[in-house]
Amino acid sequence: MSGAQYTLTGRLTVALPPEAAFTLFTPRGEELWVAGWRPRFPVRTSDDSAPGTVFETGAHNEPTIWVVVAREPGRSVSYARVTPGSRAGTVTVEVDADRQGGSTVRVTYELTALTPEGEGPLHEFAESYRDFLRSWEVDIARHLGSRPPTAAAQS
């Protein structure tokens, strides 16, 4: 039995209003700014963030199965994710307007190691979670052609 389980929450800013920012966190929207992110849908779908939508990814040589479990259009989306033999859990993205006309995005990963071999990668992910979200912010800003906010501006 594995003993590793984490709930990780962090925030980033996006220089778009919430409804536009939300689209960047849908399966197809992430293709715009995440290197190597190529969701594969086993069933054709016109709405990739509709609850019940299933897709697979293989980023970092880790096949992962995703299911959209909940969505409030333009506001939030939650995914169940399973990397077989390693870890499973949920990812929730919540988007709110900020005072500058952009968005504050709260991202929560709740993950459990499925095997003892999955504990190390999960612990490494937890240790680097803040940097992980910062890389999202930088990559999104680059995609949008803007500069990411400085760390001091985020506090």
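The values are calculated or read from the model by the stated rules, or taken from the named source; none is laboratory data. Just so you know, these numbers come straight off a predicted model, no measurement behind them. Glycine gets a Cβ as well: all are built from the backbone with ideal geometry, and neighbour counts include every protein chain shown.
The set of residues from the stretch 47-62 being part of a loop (DSSP other than H, G, I, E, B) and modelled with pLDDT of 95 or more comprises Asp47, Asp48, Ser49, Ala50, Pro51, Gly52, Thr53. Working only within the stretch 26-40, note down all residues that are within 20 Å of Ala88 (Cβ to Cβ) and touching a strand residue (DSSP E or B) at 6+ places or on another chain (Cβ under 8 Å). Residues satisfying the conditions are Pro27, Trp37, Pro39, Arg40.
Checked against (1) part of a loop (DSSP other than H, G, I, E, B); (2) at pLDDT 95 or above, Val68 passes all but condition (1).
The one condition from (1) surrounded by fewer than 19 Cβ atoms within 10 Å (Cβ to Cβ); (2) under 20 Å from Pro51 (Cα atoms); (3) touching a Lys or Arg at 6+ places or on another chain (Cβ under 9 Å); (4) in contact (Cβ under 8 Å) with a residue 40 or more places away in the chain that Thr92 does not meet is (4). Here the condition is being within 23 Å of Val14 (Cα to Cα), of a type in the set (D, E, K, R) and in contact (Cβ under 8 Å) with a residue 40 or more places away in the chain; of Asp98, Asp48, it holds for Asp98 alone. Of the residues making up the stretch 9-32, those that are assigned to a strand (DSSP E or B) and out of contact with any Lys or Arg (no Cβ under 9 Å at 6 or more places or on another chain) are Thr13, Val14. Among the conditions (1) touching a Leu at 6+ places or on another chain (Cβ under 8 Å); (2) surrounded by fewer than 19 Cβ atoms within 10 Å (Cβ to Cβ), the only one that Leu122 does not satisfy is (2). Residues in the stretch 72-115 that are under 14 Å from Leu24 (Cα atoms) and not β-branched (Val, Ile, Thr): 10 in all. Among residues of the stretch 87-136 being of a type in the set (D, E, K, R) and within 19 Å of Thr23 (Cβ to Cβ), the one that is farthest from the chain's Cα centre (by Cα) is Asp98.
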